[in-house]
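All remarks here apply to the structure that follows.
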Amino acid sequence: MASSSSSPPVLGADANDPATRAATLLEDLPQEIIDKILVRLPSKDIGRFRAVCTSWGSATSTPQFMLEHHRRQPSLPIINGNGRPASLVVLRDTSARASNQHLWPFRPGFKHRSEYRLLGSCDGFLVVCRRSQFRSRFYAFNPVIHKHALLAQPQVGQSFYNTMIGFYRDHPTGEYRVLWVSRSHHSWSHHLCKPGLYILTVGSDRPRYVGFRTTKDLPPSEHIMFLQRLCCSSYYSPPVHHRGSLHWCSYGTSDIIVFDTQAESFRWMQSPTELWPSKLFDMKGMLALWAGSARYYNGFTIMDVWVMRDYEAEIWAFMYRIDLSTVEASRQLYSTSFYKKNKRKFKKKKLLDSPVRLFEDMAVLNNRELLIMYDENKVLRCNIDGKFLGIVNLGKGQYYMWLTQHRLQESIVPIPYHETQEEDEESVFSTGCV
Amino acid sequence: MDSTADPKGKRPLYQEDGLAYARAAAAAASATAAAAPDEEEAKPKPKPSSSSEEAKPEPEAEDQAEMPPLVLVAEDGVEVSISRRAARMSHMLRLLMEDSCADGPIPAPNVHSDILDLVVQYCEKHGPYYDPEASERARNPFPPFPVELTPTVSSIKPVTYVDPDPHGLKDWDKDFISLDNSTLFEVILAANYLNIEDLLDLGTTTVADMMRGKKPEEIREIFEIENDYTPEQEAELRKENAWAFED
């Protein structure tokens, strides 16, 4: 093991030179090497080590350092434990022994969890919405450094209803942007209501109105329906940002809605399948889609995964299929061998024994494994060949959870936000949790 | 105490001029050595290394194996020889070999012969299995910044993941890098000078692992770093970064 003595012995003292060389210290290394060492540390260590000395403090606070550190972090799925006791959890390890990290500030015992909903995730920043009876508030926050910012909404007022449908990073400018749909509460009649699409750059205090533009001509009467479908689609599954465009699986129809973030206009793309449910996700930088078939009322038993091979030509390629019967068969084998090894874990054995009846949702764990939500509220882990690898639990005995489609890739970069923000004393971010 | 050297002074980095300096010196040396090529083989054997591994050259690179090993000259004048196959791991030596400037002794100023021995030992062990492209891919699994910051690789290891380490190099590395701090830093400096990415990664990761989970006071003690914050500045910093100090 590498030694950590406080006064390292000098090499060569016994061998060659009586007039020995002075010991080399960490600070003798050039700054670029010290940076290379520090960038490998987890976020909390870096935060603490800023207090070691001034040069470490400044070296770890440059934008380049923080971005390089972020780049090295893994992208981890966020799971919703629905407060039993864990609420939102970042999944680091699916074994029972690991302590998964509760997403700040949604700690166990968090009271208002039904009011909060995770809406967007991008590069270590998350967006959450709190809807209470008379108003809604939207916050962007960085859960690692415990910083949050209230997001300015379009058309604030009691007759308006704002929905966030996208949160993304605009690559040319580096700005983080929020895409809003603003609707009128009262009526969907096209006489009274104008569809409203707005873009807010995080850090500014006013969203910008964006005209509603599409590549195919939609009559005004269909604008509202389109926006409504877009809101439903976004609620069902957040968009995937790929090649400068946001992509949603259209809820109820078998196509993909695409929003070009530069041209700020919508177009459509053909989905490889007409099956529903289907969700888009990112697979190693490629656009991918899973769709469920052999559908029952509230689930499905076959899941197909497609990936977009050629984006320009919109050509999809079929990747693999997960069949519930395969997973169920391998679960039985696993359960039998588990019982032989662990006779005492009664609760887990009971859960392992219950058959997998229906798939409901899926999230990618890494390039070989998936998380599949089944039977309403349990999650299993399997590989892409359909081999069952275990049930997920979030902490001691917590086996019930839902998948969110959001992921966290840790970052210590502060949120760009306006200094003159009105502080919301009621929000969970301001109370207690530092 | 040592009165000659300045222990706190940073060693001058020859990084930028290093290549040019080495090339010029090697070219000058090979000009004189060209007349007597046999002398190279008769030069004193390298200092006995603690390990007795021998590099086993792959059969297809016979031309490399046949060429004489390179000779590196440490700061104390001692010569250390390194086989061509092992020398590939150093970007600097690789360029010298490609430019055919590697025939004469290559100076490695500011690297003591003990450290050079260790570095050569590492290269000889890893040399036969070294694949520059695989190494680069392993270092940069993400697409280059800033094209797309979309997350692609997760660190949760698949249950079915088989760690590709057929030659047992990881265990060897772990033993190899169990050094006292001073030697470790000197190895890092040498790897930086000779531009051996894999060894630099190993060294920096080892130091980072030493630091994990510790408090700032412990870091200052272990690495003998002076705290140059005023108490007010330090309190302010701790308050700003309170998120890092809570459990």
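The values are calculated or read from the model by the stated rules, or taken from the named source; none is laboratory data. Since the structure is predicted, the reported quantities are computational estimates derived from the model, not experimental observations. Please note: Cβ atoms are built from the backbone with ideal geometry, for glycine as well, and neighbour counts cover all protein chains shown.
List of remarks:
For every residue, the table says whether it meets (1) outside any loop (DSSP other than H, G, I, E, B); (2) at pLDDT 90 or above; (3) more than 14 Å from chain A (Cβ to nearest Cβ).
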{"residue": "B:77", "(1), (2), (3)": "no, no, no"}
{"residue": "B:94", "(1), (2), (3)": "yes, no, yes"}
{"residue": "B:138", "(1), (2), (3)": "yes, no, no"}
{"residue": "B:153", "(1), (2), (3)": "no, no, no"}
{"residue": "B:159", "(1), (2), (3)": "no, no, no"}
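- Long-range neighbours under 7 Å by Cβ, at least six apart or interchain, first residue on the phi > 0 side of the Ramachandran plot within the stretch A:108-134, second basic (Lys, Arg) and in a strand (DSSP E or B): A:123/A:169
- Pairs, first within 14 Å of chain A (Cβ to nearest Cβ) in the stretch B:164-180, second loosely packed, with under 13 Cβ neighbours inside 10 Å and part of a loop (DSSP other than H, G, I, E, B), C-beta under 9 Å, six or more apart: B:171/B:165; B:174/A:1; B:178/A:1; B:180/A:5
- Scanning the stretch A:402-426 for residues that are at pLDDT 90 or above, more than 24 Å from residue A:132 (Cβ to Cβ) and away from chain B (no Cβ under 14 Å) returns a single hit, A:403.
- Members of the stretch A:68-86 found to be within 8 Å of another protein chain (Cβ to nearest Cβ) and either under 16 Å from residue A:116 (Cα atoms) or among the aliphatic types (A, V, I, L, M) (or both), listed by number: A:76
- Among the residues of this structure, residue B:203 counts as one that is in contact (Cβ under 8 Å) with a residue 12 or more places away in the chain and more than 7 Å from every other protein chain (Cβ to nearest Cβ).
- The stretch A:362-382: number of residues that are more than 14 Å from chain B (Cβ to nearest Cβ) and among the charged types (D, E, K, R): 3
- Summed over the stretch A:129-165, the residues that are crowded, with 19+ Cβ neighbours inside 10 Å and within 14 Å of chain B (Cβ to nearest Cβ) give a count of 6.
- Residue count for the stretch B:214-247, restricted to those that are more than 7 Å from chain A (Cβ to nearest Cβ) and closer than 24 Å to residue A:147 by Cβ: 7
- Odd one out for residue B:118 among (1) at pLDDT below 85; (2) more than 30 Å from residue A:390 (Cβ to Cβ); (3) buried (at least 20 other Cβ atoms within 10 Å of the Cβ): (1)
- Condition met for residue A:293 (free of Cβ contacts under 8 Å to residues at least 60 places away in the same chain, farther than 17 Å from residue A:404 by Cα and touching an Asp or Glu at 6+ places or on another chain (Cβ under 8 Å)): yes
- Selected residue (criterion: farthest from the other protein chains (Cβ to nearest Cβ)) from residues of the stretch A:268-285 that are part of a strand (DSSP E or B) and crowded, with 16+ Cβ neighbours inside 10 Å: A:278
- When residues of the stretch A:225-253 are limited to those that are within 14 Å of chain B (Cβ to nearest Cβ) and not in a loop (DSSP other than H, G, I, E, B), the one nearest to residue A:263 (Cα to Cα): A:245
- Some residue of the stretch A:49-60 being surrounded by 21 or more Cβ atoms within 10 Å (Cβ to Cβ), closer than 28 Å to residue A:365 by Cα and touching a residue at least 12 places away in the same chain (Cβ under 8 Å): no
- A count restricted to the stretch A:383-393 and to residues that are closer than 14 Å to residue A:303 by Cβ and either surrounded by fewer than 19 Cβ atoms within 10 Å (Cβ to Cβ) or at the interface with chain B (Cβ under 10 Å from one of its Cβ atoms) (or both) stands at 3.
- Candidates A:86, A:98, filtered to the one that is of a type in the set (A, V, I, L, M) and at pLDDT below 75: A:98
- A count restricted to the stretch B:181-199 and to residues that are touching a residue at least 24 places away in the same chain (Cβ under 8 Å), among the hydroxyl-bearing types (Ser, Thr, Tyr) and at the interface with chain A (Cβ under 8 Å from one of its Cβ atoms) stands at 1.
- Just so you know, in the stretch A:339-382 the residues that are among the aromatic types (Phe, Trp, Tyr) and either closer than 23 Å to residue A:277 by Cβ or modelled with pLDDT of 80 or more (or both) include one that is surrounded by the fewest Cβ atoms within 10 Å (Cβ to Cβ), and it is A:374.
- Residue within the stretch A:203-221 that is more than 30 Å from residue A:360 (Cα to Cα) and among the acidic types (Asp, Glu) present: yes
- Residue within the stretch A:78-88 that is basic (Lys, Arg) and over 15 Å from residue A:402 (Cα atoms) present: no
- Residues located in the stretch A:251-268, provided they are closer than 17 Å to residue A:281 by Cα, within 23 Å of the chain's Cα centre (by Cα) and among the hydroxyl-bearing types (Ser, Thr, Tyr): A:251
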